[in-house]
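Comments concern the structure below.
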Amino acid sequence: MIRTPVRLLSAALLGIALAVPITVRAAAPADTIERVTRTGTLIVGYRADSAPFSFTGADGRPAGYSVALCRHVAESLKTRLKLPRLEVKWVPVTVASRIASVEDGTVDLECGSTTRTLSRMERVDFSVPIFIEGSSFIALASSGLKSGRDLAGKRVGVIPGTTTETMLKAAQGKDGFTGLLVPVKTHDEGVAAVADGRIDAYVSDRTILVGMARASGRAPGTWQLSDDFFSLETYGLMMRRDARFRVEVDRALSDLYRSGRVVDLFGAAFGTNIPVPPALQAMYLQNALPE
């Protein structure tokens, strides 16, 4: 009599288990170097809309400063692992998907404009810094918006889930910022919304805003780029927690920094007539790690 309820409960639980489908998510590879060596493939995530760091070029291929750094990492891996060939498989990622894509093994390395933060480091790892950046805003020159204080009561576009959004929310009511935050999905959407009057300003990393203004096709003098900086951030190449793989990524970047060849990659992405900013020069020197 005592066993009967137990047997009935066990049968019921078994029936539930059989009725509910179980989804097993593939675990991310524990050793990236081993997988790359075995398959001869490096899977790289890139942003399609983050010029001049990472974007889809006119030929349909990934292009930009961060993409060029990742190509160098791939060449370095091929040489150091003595691989006869190493195929780079490019996978587009978004602001919303980039961290999860690294965590679950969809990509081995993310090459975009991702800021290194402590909260993100709880989930993934980063290379040595690849760029120093600050966030600002772009508006139509005719709007008269030039500083953060000018944004009081204005509609301010920002991409959700970014460090820029976090910063703006923290600044609400402080330092003269009282703008109404309006979510947009991409940089393209943000700049277009400013152009057609749906929002008054768009906030993002300053270099990206410069690139978007140049690519907009609008006449010179159309845009006003604020001189205010809301934050100072460093970018890094994002990867899973894998010490051996990170050392190889950092080794490739340090080689670029020590040799000075990174200046050529900077010029190709930002323009040969634009000098490397002093802060970025210092960053290259500080992260040219010795063997």
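The values are calculated or read from the model by the stated rules, or taken from the named source; none is laboratory data. Only a predicted model underlies this, so the values are computations on that prediction, with no experimental measurement involved. Glycine gets a Cβ as well: all are built from the backbone with ideal geometry, and neighbour counts include every protein chain shown. To get the accessible areas, we keep the full protein, side chains included, count just its heavy atoms, and leave off ligands, DNA and RNA. Shrake-Rupley method; radii C 1.70, N 1.55, O 1.52, S 1.80 Å.
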Residue match in region 185-200 (condition: of a type outside the set (D, E, K, R) and over 17 Å from Asp49 (Cβ atoms)): yes
Residue in region 128-148 that is over 26 Å from Ser216 (Cβ atoms) and surrounded by 15 or more Cβ atoms within 10 Å (Cβ to Cβ) present: yes
Flag if Val124 is within 14 Å of the chain's Cα centre (by Cα) and either surrounded by fewer than 21 Cβ atoms within 10 Å (Cβ to Cβ) or more than 30 Å from Ile199 (Cα to Cα) (or both): yes
Where Leu181 falls short, out of the listed (1) open to solvent by less than 50 Å² (accessible area, probe 1.4 Å); (2) in a helix (DSSP H, G or I); (3) free of Cβ contacts under 8 Å to residues at least 40 places away in the same chain: (2)
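Would you confirm, using the coordinates I've provided, whether Val203 is under 17 Å from the mean Cα position of the chain (by Cα) and either closer than 15 Å to Ile138 by Cα or open to solvent by 40 Å² or more (accessible area, probe 1.4 Å) (or both)?
On the way: under 17 Å from the mean Cα position of the chain (by Cα): yes; either closer than 15 Å to Ile138 by Cα or open to solvent by 40 Å² or more (accessible area, probe 1.4 Å) (or both): yes.
In short, yes.
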Among the residues listed as Val88, Val95, Val67, the single one being in contact with a Leu (Cβ under 7 Å, 6 or more places away or on another chain) and not basic (Lys, Arg): Val88
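Here's a check for you: in region 214-232, which residue that is at pLDDT below 90 and surrounded by 17 or more Cβ atoms within 10 Å (Cβ to Cβ) is farthest from the chain's Cα centre (by Cα)?
Taking region 214-232 first, the residues at pLDDT below 90 are 214-221, 227-232.
From what's left, surrounded by 17 or more Cβ atoms within 10 Å (Cβ to Cβ): 228, 230-231.
Values: Asp228: 22, Phe230: 18, Ser231: 16 Å.
For region 214-232, the residue satisfying everything is Asp228.
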Neighbours by Cβ (under 7 Å, 6+ apart or cross-chain): first from region 199-216, farther than 15 Å from Lys146 by Cα; second open to solvent by less than 20 Å² (accessible area, probe 1.4 Å) and charged (D, E, K, R): Asp205/Glu133; Thr207/Glu133
Members of region 261-275 that are of a type outside the set (Gly, Ala, Ser), closer than 17 Å to Ala51 by Cα and surrounded by 14 or more Cβ atoms within 10 Å (Cβ to Cβ): Leu265, Phe266, Phe270
Output for region 59-108, where each listed residue is out of contact with any Ser or Thr (no Cβ under 6 Å at 6 or more places or on another chain) and of a type in the set (Asp, Glu): Asp59, Glu75, Glu103, Asp104
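Among the residues of region 276-289, what is the count of those that are surrounded by fewer than 17 Cβ atoms within 10 Å (Cβ to Cβ) and in contact (Cβ under 8 Å) with a residue 12 or more places away in the chain? Walk me through it before giving the result.
Step one: list which residues in region 276-289 are surrounded by fewer than 17 Cβ atoms within 10 Å (Cβ to Cβ), which gives 276-279, 281-282, 285-286, 289.
From what's left, in contact (Cβ under 8 Å) with a residue 12 or more places away in the chain: 276-277, 279, 285, 289.
Within region 276-289, residues that are surrounded by fewer than 17 Cβ atoms within 10 Å (Cβ to Cβ) and in contact (Cβ under 8 Å) with a residue 12 or more places away in the chain number 5.
Out of contact with any helix residue (DSSP H, G or I) (no Cβ under 8 Å at 6 or more places or on another chain), closer than 22 Å to Phe131 by Cβ and either part of a loop (DSSP other than H, G, I, E, B) or at pLDDT 95 or above (or both) - does that describe any residue in region 42-49?
yes
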Single condition Gly161 does not satisfy, out of (1) under 30 Å from Val128 (Cα atoms); (2) modelled with pLDDT of 90 or more; (3) in contact with a helix residue (DSSP H, G or I) (Cβ under 8 Å, 6 or more places away or on another chain); (4) not polar (S, T, N, Q): (3)
Output for region 92-114, where each listed residue is surrounded by fewer than 20 Cβ atoms within 10 Å (Cβ to Cβ) and touching a helix residue (DSSP H, G or I) at 6+ places or on another chain (Cβ under 7 Å): Ile99
